[in-house]
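Taking it in order: structure first as structure tokens, then the write-up.
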Amino acid sequence: MPRVESKTVTETQVTAAAEKATPAVSTPVPAALVLEDGRIFRGTSYGATGTALGEAVFATGMTGYQETITDPSYARQLVVQTAPHIGNTGVNSEDAESRRIWVAGYIVRDAARRPSNWRSERSLDDELVEQGIIGIQGVDTRAITRHLREHKTMRAGIFSGDAAAATEKELVDLVLASEPMEGARLAEEVSVDEAYVVEPKDHGWEGDARFSIAAIDLGIKAMTPVRFAERGVRVHVLPATATLEDVKAVNPDGFFMSNGPGDPATADAQVKLLRSVLDEKLPYFGICFGNQILGRALGFGTYKLRYGHRGINQPVMDRRTGKVEITSQNHGFAVDAPLDGATQAPEERYGRVEVSHISLNDDVVEGLACLDIPAFSVQYHPEAAAGPHDAAYLFDRFIDLMEDIKPNTTGRTANLSGEPVDSVHPAAPSTTDNNTEDKK
């Protein structure tokens, strides 16, 4: 047996190892969260210091904070985490949902002093500092959440360090001078510049790809193409500026539009693209922003919710089956479509459409199913990273749709219930206001 020589460990080496193992913690300085209505919450800095402006929203997930802050749908938003203790599992290189943190600012009650998890590679505080994300800790996030629920989401600012020393009036004026979310066109800002492909073989699929789809990145989360790839679908991820020619160039069996930030009323280019795709009778599946774009393409309007749906515990009913799904959601806008029965789409060439899913909290439209063309969408995130997997079947539903359409362009549409829709939901005239949540 070879002889193993002993090594003397010096005090310097011990100290160096301890410094490497212990994450650096930024020194907190005074900070303030200022809402546009003048309400101010004071705490200390978390992450980088300075000024962050955006729309204050709250997310109710008890886990998955790394996936939350790296979700591009949170661009230009100051996220309030309702879970009181944040940062205890640190961050790692595997759980990020995109190439960077997208939240404009981060608001937590009790920030972990150091992470304690076997998968942790660095602290959340360090990650926020490295990416220049300004946050605040030590504030009453329950009170902030109640305020936003009662008064609606609003513009806000996080001010820390020297920026927090300004007068309250000066801080409020800075917030009031910032841009609102209404009218914001952000998908192009968060989308990739170059197309890329996600291959099934890289995600556990054996054999040839079953289908190929073109996916428009409006703020796509990394797990979405992975969920397709796991099922044998090759995903060509295209920029938000893609044209119909770009879509046709990849010869897809289906077309997908992702989640994303901003006001869907600004997405005229994407609506035009989707109408061109629908005219080609290419099967379509959209989630979140992609649901709103389908609504607009069919001729319906969209509107801003008072405080939106953000978290991984949102109850939704599939109206065809009566099954309730607990879903992951992140949206502040919704489609204004009739809730009861099938109706003729305002863009009449697309035939009939019905609301397939609704929110059980406030009856907001959570899904659309076209009955005469192969297209459907949902307002939530079936990839669920983080979150429940109740809605994973939607990926399989899209694959079933492509399977039916591919050999026969006159095959069945997104009406996958297996029974005639008219016998259950006779067509009804379109109305303009069927949602119960206050739209002011």
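The values are calculated or read from the model by the stated rules, or taken from the named source; none is laboratory data. The model shown is predicted, which means the values in this text are computed figures rather than measured ones. Cβ placement follows ideal geometry from the backbone for every residue including glycine, while neighbour counts extend to all protein chains displayed. All accessible areas refer to the heavy atoms of the entire protein, side chains included, with ligands and DNA or RNA removed. Shrake-Rupley method; radii C 1.70, N 1.55, O 1.52, S 1.80 Å.
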* To do: Kindly indicate the residue of region 102-129 that is in a helix (DSSP H, G or I) and under 18 Å from V79 (Cβ atoms) and also most open to solvent (accessible area, probe 1.4 Å) among those meeting that condition.
  => V129
* Asked: Does R142 satisfy the condition of being farther than 23 Å from G311 by Cα and of a type outside the set (A, V, I, L, M)?
  -> no
* To do: Could you please give the count of residues in region 57-88 that are assigned to a strand (DSSP E or B) and under 21 Å from W118 (Cα atoms)?
  => 2
* Asked: Which one is least open to solvent (accessible area, probe 1.4 Å), of the residues in region 157-207 that are assigned to a strand (DSSP E or B) and of a type in the set (F, W, Y)?
  -> F159
* If you take the residues of region 126-143 that are within 15 Å of A31 (Cα to Cα) and not β-branched (V, I, T), which of them is nearest to the chain's Cα centre (by Cα)? -> G135
* Go through the residues of region 348-356 one by one and say whether even a single one is crowded, with 22+ Cβ neighbours inside 10 Å and under 21 Å from Y196 (Cβ atoms). => no
* Collect the residues in region 357-370 that are open to solvent by 10 Å² or more (accessible area, probe 1.4 Å) and either of a type in the set (S, T, N, Q) or in a loop (DSSP other than H, G, I, E, B) (or both), keeping them in residue-number order. => L360, N361, D362, D363
* D390 vs. criteria at pLDDT 95 or above, open to solvent by 10 Å² or more (accessible area, probe 1.4 Å) and assigned to a loop (DSSP other than H, G, I, E, B) -> no
* To do: Output the number of the condition that R99 fails; it satisfies all remaining conditions of (1) surrounded by fewer than 19 Cβ atoms within 10 Å (Cβ to Cβ); (2) not aliphatic (A, V, I, L, M); (3) not in a loop (DSSP other than H, G, I, E, B).
  => (3)
